[in-house]
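Below is one structure, written out as structure tokens, with a few remarks after it.
The values are calculated or read from the model by the stated rules, or taken from the named source; none is laboratory data. Keep in mind that what you see is a predicted model, and the values were worked out from it rather than measured. Ideal geometry is used to build each Cβ from the backbone, glycine not excepted, and the neighbour counts take in all protein chains shown.
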Amino acid sequence: MKTVSMSGSPRESVGKKDAKRQRAEGRVPCVLYGGEEQVHFSAEEKAFHKILHSPDTFFINLKIGEKTYRCVLKDIQFHPVSDSILHADFFEISDDKPISLHIPVKLTGTAPGVIKGGKLVKQFRKLPVQALPGDMPEAIVLNIGKLEILDKILIGQIPQDKFQILERPEKYAVMIQVTRVIATPEEEEEGEEETAEGEGEGEGEAKTAPAEE
């Protein structure tokens, strides 16, 4: 998986007053947990842009003071009006402990069903995946090159040798839906026959109906 680097500064005091001051200086109050102890620190808000404005998921080499931690961004809180970052949680990882992350779903190939007029429906932008850090995939890649109209790829059909997708196997990840513009010759003929029969019945009823007095 891709890795990015970030740096933070230890927080000498923890509280609402200090957090407010950090935000006023363009910094985000943060906490790192999952290791031997929790570490409270702050980081520049602009340091989050590469992580947040990308479809990818990253491992993070986080340097706080003289120590570097390998971690992932676990949770982030935004201001409801300004969308500025209020707080961020990081989780320290180790090679021998499985973690859960949301991994992007990417499609490859061109579906024949789409060429024939079907609609491609991608059910998930990201999927929850559990794996050891070394086995965590960079993306869930689905080949749609053989999908015809009404074909789908189920979660249970995705190879999961070294990781586990935390979604029900009967759910579909991608599907080619039928659209109204698709009509087979048989359906068109049936529609014409039904129309003709309907017109004939209407004419017969008009001829046999009794005249009004």
Determine whether residue 92 is under 14 Å from residue 41 (Cβ atoms) and touching a Gly at 6+ places or on another chain (Cβ under 7 Å). yes
When only residues in segment 22-37 that are in contact with a strand residue (DSSP E or B) (Cβ under 6 Å, 6 or more places away or on another chain) and either surrounded by fewer than 21 Cβ atoms within 10 Å (Cβ to Cβ) or polar (S, T, N, Q) (or both) count, which is nearest to residue 91 (Cα to Cα)? 34
Out of 64, 85, which single residue is among the β-branched types (Val, Ile, Thr), under 27 Å from residue 132 (Cα atoms), touching a residue at least 40 places away in the same chain (Cβ under 8 Å) and surrounded by 10 or more Cβ atoms within 10 Å (Cβ to Cβ)? 64
Give me the pairs, please: first residue somewhere in segment 22-40 and outside the structural domain of residue 86 (by TED's automatic domain parsing), second residue anywhere and of a type in the set (A, V, I, L, M, F, W, C) and at pLDDT below 95, beta-carbon distance under 8 Å, and either six or more positions apart or on two chains. none
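Yes/no per residue for (1) within 20 Å of the chain's Cα centre (by Cα); (2) closer than 27 Å to residue 59 by Cβ; (3) exposed (fewer than 13 other Cβ atoms within 10 Å of the Cβ):
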residue: 111; (1), (2), (3): no, no, no
residue: 121; (1), (2), (3): yes, no, yes
residue: 149; (1), (2), (3): no, no, no
residue: 152; (1), (2), (3): yes, no, no
residue: 165; (1), (2), (3): yes, yes, no
residue: 168; (1), (2), (3): yes, no, yes
Which condition number in (1) under 25 Å from residue 135 (Cα atoms); (2) acidic (Asp, Glu); (3) buried (at least 16 other Cβ atoms within 10 Å of the Cβ) is the one that residue 45 fails? (1)
